[in-house]
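Student: This is the structure I want to talk about, given as structure tokens.
The values are calculated or read from the model by the stated rules, or taken from the named source; none is laboratory data. Predicted model only: the values in this text are computed from it and were never measured. Counting neighbours? That spans all protein chains shown, and the Cβs are built from the backbone with ideal geometry, glycine included.
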Amino acid sequence: MKPVLALTMGDPAGVGAEIIVKTLARSNAFNKARLVVIGSKACLQQAMQQTGCATQIDVISDIHELSDSSRAIQVLEPIAFDAAALTMGQVSAACGDAAVQYFEAAVTLAQQGEIQAVVTCPINKEAVHAAGYHGDIGHQEILARMTGAELTGTLLMTTGLKVAHLSTHKSLAEAVRYVKKPVLVEKISLTSACLERWSGKQPHIAVSALNPHGGEGGMLGSEEIEEIAPAVEACNRMGLNVSGPFPADSIFYRAIDGEFDAVFALYHDQGHIAIKVHNFEDSITATMGIPFIRTSVDHGTAFDIAGQNKANANGLSRALEAAVQMLGHELP
């Protein structure tokens, strides 16, 4: 049977509903899985009016009511949401709360074994904070809280390039302090294990340097000598296929050229900039270290264009495709 995927709508004031209807209201809509949208029917109807997309929307009260049909968008509404009071493109505690509850409902279904993967539209960190979720900066933190995962990580994927991260939601100063051998070994090992599980083969991972020109033998920083190179050596002693550290200004080109299966970046922007410059429209993310597959678009709520029929739905299509591919042990 087709796998069952939960697609969470994200922040109602953002572009989530828009990209969902643009993806699922097409005549050749995604049909490789049974999809349940977890969100608000009223928000999806509003998005249809704004985009000119048109299809039937069926609300189901239980996941077991989900049918294998492309004739309608099937929606599970875990909470009542007042779409009439919604102001598109504005930070709202109500929207932040709704986004978290949509995602929590999907995670619960995955933990219960009712669905095989979760695909997410963006949430807004400021709205989530306004709703009182002070410990949950984003999806990854919510996943760690709900699954009890001790170690999680972010993998970015786009055509021709895959990038994992040592750290994501840390300030640059804090991220530099985080570059330590034990942490590197843990995260590189996690990356290798996840890529192998999702693709069926051991990956060749290249580790980026932190400092310009790889530190120039210690003249521009000692992290490569004291922390990163020893971590790479330790990983190889463990039987992993890891190379580096390589200067960040060339490592991504080499990966795109096919020399490596993935790059291990040391902080948020080092990896995100490379992915988005290379191919932003097709880029997606996957969460490592959790007991089920979760993929996501690689963009935010785009409040500046929300409700204006300007959002590109490419990323969501790619995230759905990737989830199904990963369930079949194939990486996009």
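Student: Being in contact (Cβ under 8 Å) with a residue 12 or more places away in the chain and part of a strand (DSSP E or B) narrows it down to one of Ala54, Ala47, Ala6, so name that one. Spell out how you get there, then give the answer.
Tutor: Details: Ala54 fails: part of a strand (DSSP E or B); Ala47 fails: part of a strand (DSSP E or B).
Result of the check over Ala54, Ala47, Ala6: Ala6.
Student: Could I ask something else about it? Tally the residues that are farther than 13 Å from Lys310 by Cα and touching a Phe, Trp or Tyr at 6+ places or on another chain (Cβ under 9 Å), restricting the search to the stretch 9-36.
Tutor: Looking only at that region, the number is 7.
Student: Continuing with this model, one more query. Determine which member of the set Gln140, Gln116, Gln112 is without any contact (Cβ under 8 Å) to a residue 12 or more places away in the chain and either within 17 Å of Trp198 (Cβ to Cβ) or in the same structural domain as Arg294 (by TED's automatic domain parsing) (or both). Let's see the steps before the verdict.
Tutor: Details: Gln140 fails: without any contact (Cβ under 8 Å) to a residue 12 or more places away in the chain; Gln116 fails: without any contact (Cβ under 8 Å) to a residue 12 or more places away in the chain.
When all the criteria are applied, what remains is Gln112.
Student: Go through the stretch 117-139 residue by residue and tally those that are part of a loop (DSSP other than H, G, I, E, B) and closer than 19 Å to Ile19 by Cα. Write out each step before concluding.
Tutor: Let us first name the residues in the stretch 117-139 that are part of a loop (DSSP other than H, G, I, E, B), namely 121-124, 131-138.
Of the ones still in play, those that are also closer than 19 Å to Ile19 by Cα are 121-124.
Residues in the stretch 117-139 being part of a loop (DSSP other than H, G, I, E, B) and closer than 19 Å to Ile19 by Cα: 4 in total.
Every residue, every condition in (1) assigned by TED's automatic domain parsing to the domain that holds Leu331; (2) modelled with pLDDT of 95 or more; (3) under 28 Å from Ala323 (Cα atoms), yes or no:
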| site | (1), (2), (3) |
| --- | --- |
| Leu190 | no, yes, yes |
| Ala193 | no, yes, yes |
| Trp198 | no, no, yes |
| Gly217 | no, no, no |
| Ile228 | no, yes, no |
| Val232 | no, yes, no |
| Gly244 | no, yes, no |
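Student: Which pairs have Cβ atoms under 6 Å, sit 6 or more apart or on different chains, and link a residue in the stretch 192-208 that is under 21 Å from Val179 (Cβ atoms) to one that is assigned to a helix (DSSP H, G or I) and modelled with pLDDT under 95?
Tutor: Correct list of pairs: empty, since none qualify.
Student: Further, regarding this structure: Name, by its number, the condition in (1) closer than 30 Å to Leu35 by Cα; (2) in contact with a Pro (Cβ under 6 Å, 6 or more places away or on another chain) that does not hold for Ile228.
Tutor: Just one mismatch for Ile228, condition (1).
Student: Suppose we filter Asp282, Asp257 for residues that are free of Cβ contacts under 8 Å to residues at least 24 places away in the same chain and either within 15 Å of His169 (Cα to Cα) or surrounded by fewer than 22 Cβ atoms within 10 Å (Cβ to Cβ) (or both); which single one remains? Before you say what the answer is, go through the steps one by one.
Tutor: Values: Asp282 fails: free of Cβ contacts under 8 Å to residues at least 24 places away in the same chain.
Of Asp282, Asp257, the one residue that is free of Cβ contacts under 8 Å to residues at least 24 places away in the same chain and either within 15 Å of His169 (Cα to Cα) or surrounded by fewer than 22 Cβ atoms within 10 Å (Cβ to Cβ) (or both) is Asp257.
Student: Going by the conditions given, is Asn309 modelled with pLDDT of 95 or more, surrounded by fewer than 19 Cβ atoms within 10 Å (Cβ to Cβ) and of a type outside the set (D, E, K, R)? Lay out the reasoning, then the answer.
Tutor: Working: modelled with pLDDT of 95 or more: yes; surrounded by fewer than 19 Cβ atoms within 10 Å (Cβ to Cβ): yes; of a type outside the set (D, E, K, R): yes.
The answer is yes for Asn309.
Student: What strands (runs of 3 or more DSSP E) completely inside the stretch 140-228 contain at least 1 residues that are touching a Phe, Trp or Tyr at 6+ places or on another chain (Cβ under 7 Å) and either of a type outside the set (A, V, I, L, M, F, W, C) or at negative phi (or both)? Even if it seems obvious, please write down each step before you answer.
Tutor: Values: elements: 153-158, 161-165, 204-208.
Because the criterion is at least 1 residues that are touching a Phe, Trp or Tyr at 6+ places or on another chain (Cβ under 7 Å) and either of a type outside the set (A, V, I, L, M, F, W, C) or at negative phi (or both), the strands (runs of 3 or more DSSP E) in the stretch 140-228 that meet it are 161-165, 204-208.
Student: Also, quick follow-up: Being surrounded by 14 or more Cβ atoms within 10 Å (Cβ to Cβ), in a loop (DSSP other than H, G, I, E, B), small (Gly, Ala, Ser) and out of contact with any Gly (no Cβ under 7 Å at 6 or more places or on another chain) is the filter here; which residues of the stretch 57-99 pass it?
Tutor: Once the filter is applied, which keeps residues that are surrounded by 14 or more Cβ atoms within 10 Å (Cβ to Cβ), in a loop (DSSP other than H, G, I, E, B), small (Gly, Ala, Ser) and out of contact with any Gly (no Cβ under 7 Å at 6 or more places or on another chain), the stretch 57-99 yields Ser70, Ser92.
Student: Please specify each residue of the stretch 100-120 satisfying the condition of being buried (at least 18 other Cβ atoms within 10 Å of the Cβ) and over 19 Å from Ala80 (Cα atoms).
Tutor: Across the stretch 100-120, the qualifying residues are Ala110, Ile115, Gln116, Ala117, Val118, Val119, Thr120.
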